[in-house]
Each structure stands twice: as C-alpha cells, then as structure tokens.
Amino acid sequence: MKKIALSGAAGQLGTVLRAALIKRGTVLRSAGAPDPREPLTPLAADEEVMHGDLGDPAVVDRLLEGVDVLIHLAGTSVERPLPEIIDNNLRALVEVYEGARRHKVRRIVFASSNHAIGMYPVEEKLALDCELRPDSFYGLSKAWGEALARMYWDKHGIESICVRIGSCIDKPTEFRHLSTWFGHEDLFHLVDRCIDAPDVGFLVVWGVSNNTRNYWDTAGAERLGFAPRQNAEDYAAEILALPNPIDAIGQRYQGGTFASHDFTPEQ
Ligand code: NAI
Ligand code: 15L
C-alpha cells in the first residue's frame, strides 16, 4: 500500500479531501497549519498528524519520510502581500521539492490554480498547452510552481501532476462558477487517479468538473483516467436568477475578481 502525505490538511480543500481519503482506506500523514496551537486530531488509527511551516526543511523531513506520493495543498491560496506569497508559495515549495529529493518521493500532486491563466478573456476556450497569463501575484506564484515542478522532473526524475484547480466548493453559487466549478466528487476522483495512474512524468491538468460552460478543454486528462462527471449547469436556473456579484472588469476575465483587483483601466 502506498504511503500518502497531505499538506494543507487543515485548509478548506484539505479538510474535505482528508476525510474522503481516510474513508477510502488511504494510509495518510496529514500536515495541518504552521501554527502548533491548531493541532489536527487523527481521524483513523493509522493516520499520522503533524504541523509546522514547510519553509523549514526539518518540518518537510517529518512530512516526507517514507512517503510515495505527496498531495501538496499547503500555501497561500488568495492574493496577499508579495512577501507572504514568496515565503509560502515559492520558498516553501522549493523546500518541499528538495525534501522530495532527499526522501525519494516518487510523485507530487501540486495544487496549481486557474489564476495562473486568469487574464484570458472569458470568451476563449483554453487547451492545456496555452501560454500562462497570471492575474495576480498569487497566480504568478502558481505559474512559478508549475515551472518548478517541470524542472524537478527534468533534472531529478520527481513526477508531478499540476492540477489547475477552478473553484472547488460544495456547489456553485455564482455565474462564474458555471464555468469554473470543480465539485468535490470530481476532486476525489481526480486525486485517486493522481495517486494510482502509472508513469505520468510531468503533467498539467485542469481541476474542473464537466461543466457545460467550461473555459477549459479537458482533453488530456484521459491520460490519467480522469473523467469528471459533475456539471455546474445542474444549478444554472438558481444561479441565473441571482445578480452576478463580480464587477464589470472581473466579468471580462476568467480569473474574475483576481483579474480586476488592482487593474489599470486606461492602458
Ligand atoms: P486554504 O487557504 O484553505 O488552505 C491552505 C492551507 O495551507 C492553510 O491551512 C495554511 O495554514 C497552509 N499553509 C500555508 N502556508 C503554509 C506553510 N508555509 N507551511 C505549512 N502550511 C501552510 O486553501 P484551500 O482553498 O484549501 O486550497 C488548497 C490549495 O489549492 C492551495 O494551494 C490553493 O492555492 C489551491 N487552490 C484552491 C482552490 C479552491 O477552489 N479552493 C482553487 C485553486 C487552487
Ligand atoms: C483559487 O485559486 C483560490 O484558492 C480559491 O479561493 C478561489 O478563489 C478559486 O481560485 C476561484 O478561482 O474560484
């Protein structure tokens, strides 16, 4: 049985994914927040829990010893001042990949984001090999993370699957989500495939459901055996009856408010 580590286990996605993985019988080591005052309690007899800042190589060593696959969710997950993003999404990511080298971790599933391409207009349908167009320093950090993952495959043979996650929430609640929603059942299915699929090398996939109005062409995900089933369109009637909460500039770009934040209108 593979040993799986999950970082960011106390976060929004980590909380739901951790519970689902344990329910499926995965042997898990879960890393919660950096702050020791927020400890995790094991959900199963064979779950190991820990915490600590992944910018610290000693914490990374505790997370990765004996691990086959790391699901790396930890990081700053929204736009924040640049020093915080550099610490958590750039520096700590290097420590994680260096730790993977030390501990011979075979594969890392990296939580990238749609904000790496958020400056594309909403009318464009994107393939996986599209040019990156980040909408924020946060999105830029995910572009950097994908490039880092590529380098560690090319130079060190560590496999990575970079999942460009859309909006991973229980159910879609606003107009943009009709295109960006990633339902929890599809998330669990994708993570299962990321753990089990053989010989992926370096791969980028969209973390998105089978939405009728998807901005992203999911061709390429078959290589993993990932076939999303949920569709935000099931919620369209209730969403279309609501006002769109996103400002006019944000409505033009796939990244929504991440794109309109600090936008210079007269260019
Ligand atoms: P979250 O903000 O709820 O959880 C992230 C967790 O990482 C937090 O518990 C935080 O304490 C931890 N963390 C941050 N820096 C750390 C460090 N240096 N060392 C150890 N732990 C650290 O984020 P969420 O929503 O659960 O997202 C998980 C991942 O997925 C993030 O990397 C995010 O960028 C990515 N993502 C999430 C999406 C979503 O829809 N929720 C969409 C696109 C990407
Ligand atoms: C993300 O990358 C964020 O982590 C998440 O909080 C959402 O804002 C999501 O993208 C989104 O685009 O809806």
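Report the extension gain between Asp170 and Glu131 in nm, rounded to one decimal, defined as 0.36 nm multiplied by the number of residues separating them, less their alpha carbon distance. Kindly include the intermediate steps, with their values, before the conclusion.
On the way: separation 39, 0.36 × 39 = 14.04 nm, distance 2.96 nm.
Gain in length upon complete extension: 11.1 nm.
In sequence order, what are the phi-derived ³J(HN,Hα) couplings for segment 111-116 according to the Karplus relation 6.51 cos²θ - 1.76 cosθ + 1.60 with θ = phi - 60°, rounded to whole Hz, with x for glycine and proline?
Each residue's phi maps through the Karplus curve to give 6, 7, 8, 4, 6, 6 Hz.
Pull up the cross-link candidates among the lysines for Lys171, meaning alpha carbon to alpha carbon under 28 Å and not fewer than 8 places away within one chain.
Excluding near neighbours in sequence, the set is Lys23, Lys125, Lys142.
Give me the percent of accessible area attributable to carbon and sulfur for segment 98-238, probe 1.4 angstrom. All intermediate terms of the calculation are to be shown ahead of the outcome.
On the way: 2930 of 5850 Å².
Looking at segment 98-238 in its full context, I get 50 percent from C and S.
Rank Leu224, Ser167, Cys130 by how far each Cα sits towards the positive end of the charge dipole of segment 118-261 (+1 on Lys, Arg Cβ; -1 on Asp, Glu Cβ) and give me just the farthest.
Final value for the positive-end residue is Cys130.
What trypsin sites (Lys or Arg not before Pro) in segment 190-242 are in a loop by DSSP, with at most 14 other Cβ atoms within 10 Å of the Cβ? Mind dumping the intermediate values first?
Values: sites: Arg193, Arg213, Arg223, Arg229; in loops: Arg213, Arg229.
Here the trypsin sites (Lys or Arg not before Pro) that fit, given the DSSP loop and packing criteria, are Arg229.
Going by alpha carbons, how many degrees (0 to 90, nearest 10) lie between the helix axis of 184-196 and the longest principal axis of the chain?
Approximately 40 degrees, to the nearest 10.
Between Asp247 and Asp154, what is the label-to-label distance in nm when each label sits 7 Å out along the Cα-to-Cβ direction?
Output for this residue pair reads 3.8 nm.
If one takes the longest principal axis of the Cα atoms in the chain, at what angle in degrees, from 0 to 90 and to the nearest 10, does the Cα axis of helix 12-23 lie?
Tilt relative to the chain: about 50 degrees.
Evaluate E = 1/(1 + (r/R0)^6) for Arg102 and Glu238, where r is the Cβ-Cβ distance and R0 equals 51 Å; express this FRET efficiency to the nearest 0.05. Please list the in-between numbers first.
Working: r = 50 Å, r/R0 = 0.98.
Plugging the Cβ-Cβ distance into 1/(1 + (r/R0)^6) gives 0.55.
Show me, for segment 117-124, the HN-Hα J-couplings you get by feeding each phi into the Karplus relation (A = 6.51, B = -1.76, C = 1.60, θ = phi - 60°), rounded to Hz, glycine and proline as x.
Ordered by residue, 3J(HN,Hα) equals 10, x, 8, 6, x, 5, 6, 8 Hz.
Would you kindly calculate the mean projected area, averaged across all directions, of the convex hull enclosing the Cα atoms of the chain, in square nanometres?
Working: hull surface 57.2 nm².
With the hull built on Cα positions only, its mean projection is 14.3 nm².
Note down the magnitude of the dipole of the chain about its Cα centre, charges +1 on Lys and Arg C-beta and -1 on Asp and Glu C-beta and zero elsewhere, to the nearest 20 debye. All intermediate terms of the calculation are to be shown ahead of the outcome.
Numbers: 28 positive and 38 negative charges, 132 e Å.
Charge dipole of the chain: 640 debye, to the nearest 20.
The values are calculated or read from the model by the stated rules, or taken from the named source; none is laboratory data. Everything numeric in this text was worked out from a predicted model, so none of it was measured. Neighbour counts are summed over all protein chains in view; Cβ atoms, including those assigned to glycine, are modelled from backbone coordinates with ideal geometry. In case anyone asks, the SASA skips ligands and DNA or RNA and just uses the protein heavy atoms, side chains included. Shrake-Rupley method; radii C 1.70, N 1.55, O 1.52, S 1.80 Å.
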